[in-house]
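Heads up, the thing below is written out as C-alpha cells.
What follows draws every value from the coordinates through simple rules; no lab data is involved. Only a predicted model underlies this, so the values are computations on that prediction, with no experimental measurement involved. Cβ atoms come from the backbone with ideal geometry, glycine included; neighbour counts cover every protein chain shown.
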Amino acid sequence: MAAVGTEILIDVWQRLLADPRKSWVLFEHGTCVVLTAPNGELAEQATEILKKFGPAHAGSSAGDFGVIDLKDAEGWVVTGHHNDVLTYVGPDESEVQSEVAVGLFGRAKRHRDGTELHIVHVEDRRGPADPA
C-alpha cells in the first residue's frame, strides 16, 4: 500500500475536473473540495466545507460513501455526504479492491483530511473580473 504523491494527485484531479469553470482545493490525503460557487478566499471556503463534511461519523450520513470507478484515470473516487467533497484512492493504495474496501479506505482518507485540514494545492479557475 503506497500513498499517492501530491504531484500525481494534482494531475489526476486536473484530468477529472476538466471543466474550466470549476475551482477546487486539494488536501494532503487526496480529498478534493470542488467550489461550485467560489466566493472570496478559496482555501478558506474549502477548509470550512471539509471541516464540516470531512470527518466520518459511523451510523450517520457522515459515514456514508459511494465509489466511482474512474474511466479517465486509474483508481477510484469515493464520494460522501456532500456532493462536492471527493476523495481519490489510487490503484496501489487499497490492498483489497472491492467497492466496500475502497470506500472505507477513501472515507478514512477523507476523515484525516477533514481533521488535519492540510491544503496542498488550490486550482483557481475564476476568470478575471468583468470590467465595470
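Output the number of residues of the range 68-91 satisfying the condition of being acidic (D, E), surrounded by fewer than 17 Cβ atoms within 10 Å (Cβ to Cβ) and either at positive phi or part of a loop (DSSP other than H, G, I, E, B) (or both). Of the residues in that region, 2 qualify. Selection of the range 17-46 for residues being in a helix (DSSP H, G or I) and surrounded by fewer than 20 Cβ atoms within 10 Å (Cβ to Cβ) yields A43, E44, Q45.
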